Ligand code: F6R
């Protein structure tokens, strides 16, 4: 789950652009990073463990116009320099960066070891670069070798490749996204639209396509046949010129929740596209798909579709055989629109009606779904998703209940309540202060409130590294109570109406000197629970800060999970 950027410029050095692109892709993984450039008859590589800023500090200078870059989220092998990308072949002919996972790499490695190849890393990627060199040394043709490679590799792969003797960048793609962009300065390849900032036009490289770019043209092939593909204009949103870099993006993004509500109201007040309204109206069966926080938003938001048959499925657990209703509308939720688990489900059901909901206008999800809706939450930078969760739930609410005076008023009322919660954080701060040294917490609820607990619990563990679990309140006594000890923090979430249903669980906690924190909301407004979720986002943020954790980039994570 990595970020890839590759560029050929007509008249400018490529390195600064690669670094800029990698910074934008850092959300895809930040274990290590690296770049490689072509200098006459030579490939020059530099890698670094950790962030792009560190690579920048120590980077060589070069006026080369051709280069590739990579930011890594470790899958195969530890996070060390040997395993960082780019990887170079034994004879130094090829150097490449890879996003994806090769399932048959052990077989390939054994075969290459028998042929005398040596390996210096534990990655699957090093097998690819050596296999490519092996094919090339047999046939002398790079495009044929790429076709061979495509036939041999099993798994997911986007590759951008330098060949020592040419000012070109070769590529090959299967299952994870790759875009080709054209700008007035040259041609570019990237796993992510964000990194193609210079580009004015783009096209999607599809599965099993390979080819190359040079400074002003590109060629694309599939199974040895050249294919013509046209470029599309990139729609760009106006830049916000007053952007100040915040100390913590997570905090900034939580504070932007009221603004997200405004944006949604403004954008959708004249109603959703008629085609989207019709497809929802006629569908009796809705299948929601998402991962992580987006899945939690789907669980909560899908409850608004009271008169439909609803299934909510974790993207990574999707199994087409277990779907009972053949005739369904699939609704995909993904902040980034690049989560591979989600895109893989989309691929399997693309012959059905599909609606994508994403925060990124040009994301793979929105490009590939039949119907597309933008969250309008503006870029979310912190790895932990906050404002996008709110946008997802709100869009599901509006899709289910329709856009009318009443539903819009509910949004406005809840916006005001959230503003109040953001202004008065004293209570949240004091809870954070009292539990900052704890290593465990439970989130308890009954019925549908369990969905809020799931999100609150995920956020807490993700950014604070406090182990937390989400449980149905009645289950506490059936086992989890064994962990309870003096001052163990337990968060209860409930609507005011149902508060007394939690009484016995609260008693069980206090009897063992645990500390119950009871969070209630008013169900008068069907969105009444959103201010509470805002409180839990804030609690996680303050705790992460107090515990001196990397709030915006928690360890082992990435903003967009592009491996399965
Ligand atoms: C948690 C979080 C993740 C993402 C998940 C799906 O704070 O951010 O759980 O929600 O990886 O990401 P998207 O929504 O981009 O598909």
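Specify, per residue and in Å³, the volume enclosed by the convex hull of the alpha carbon atoms belonging to region 424-553.
It is 99 Å³ per residue.
Would you mind giving the three semi-axes, in whole Å and largest first, of the ellipsoid equivalent to region 85-196 according to its Cα gyration tensor?
In descending order, the three semi-axes are 24, 16, 12 Å.
Taking Rh as the Kirkwood radius, which is the inverse of the mean 1/r over Cα pairs, what is the Rg/Rh value for region 492-564?
Taking Rg over the Kirkwood Rh, I get 1.11.
How big is region 133-189 on each of its three principal axes, counting only the C-alpha atoms and giving the largest first in Å?
Projected onto the principal axes, the Cα atoms of region 133-189 cover 37, 29, 13 Å.
Quickly estimate the mean residue ellipticity at 222 nm for the chain, helices only: each DSSP H run with n ≥ 4 gives -39500 (n - 2.57), and the total goes over all residues, rounded to 500.
Counting only the DSSP helices, I get -10500 deg cm²/dmol.
Give me log10 I(q)/I(0) at q = 0.13, 0.15, 0.17, 0.20 Å⁻¹ for region 1-135, Debye formula, one equal scatterer per alpha-carbon, no solvent.
Debye curve over Cα of region 1-135, log10 I(q)/I(0) at q = 0.13, 0.15, 0.17, 0.20 Å⁻¹: -0.51, -0.68, -0.86, -1.14.
Please list, short to long, the whole-number percent of alpha-carbon pairs of the chain in consecutive 20 angstrom bins beginning at zero.
20, 50, 27, 3
On the Cα set of region 12-60, report Rg and Dmax in Å, please.
10.9, 33
Have a look at region 51-101 and give its Rg and Dmax from the Cα atoms, expressed in angstrom.
12.3, 33
What share of Cα pairs, in percent, lie more than 24 angstrom apart in region 249-423?
31
Given N residues in region 357-447, what is its alpha carbon radius of gyration divided by 2.2 N^0.38 Å?
This ratio for region 357-447 stands at 1.42.
In the P(r) worked out for region 137-255, what percent of Cα pairs fall beyond 21 Å?
Roughly 47 percent, once rounded to a whole number.
Report, in whole Å, the centroid distance computed from the Cα atoms of region 3-70 and region 379-453.
If you average the Cα positions of each part, the centres end up 39 Å apart.
Stick to Cα atoms and the Kirkwood definition of Rh, then tell me Rg/Rh for region 161-228.
On the Cα set of region 161-228, Rg over Rh gives 0.94.
With a 10 Å Cβ neighbour count serving as the proxy for reagent exposure, in which order, fewest first, do 259, 179 appear?
259, 179
Just to be sure I understand the curve: with the Debye formula and one point per C-alpha of region 3-233, what is log10 I(q)/I(0) at q = 0.12, 0.14 Å⁻¹?
-0.57, -0.79
Quick one: what Rg and Dmax do you get for region 427-495 from the alpha carbons, in Å?
11.7, 32
All of the numbers you see were taken from the coordinates with simple rules; none came from a lab. If you're wondering where the values come from, they're calculated on a predicted model, not measured in any experiment. Note that each Cβ is placed from the backbone with ideal geometry, even for glycine, and that neighbours are counted across all protein chains shown.
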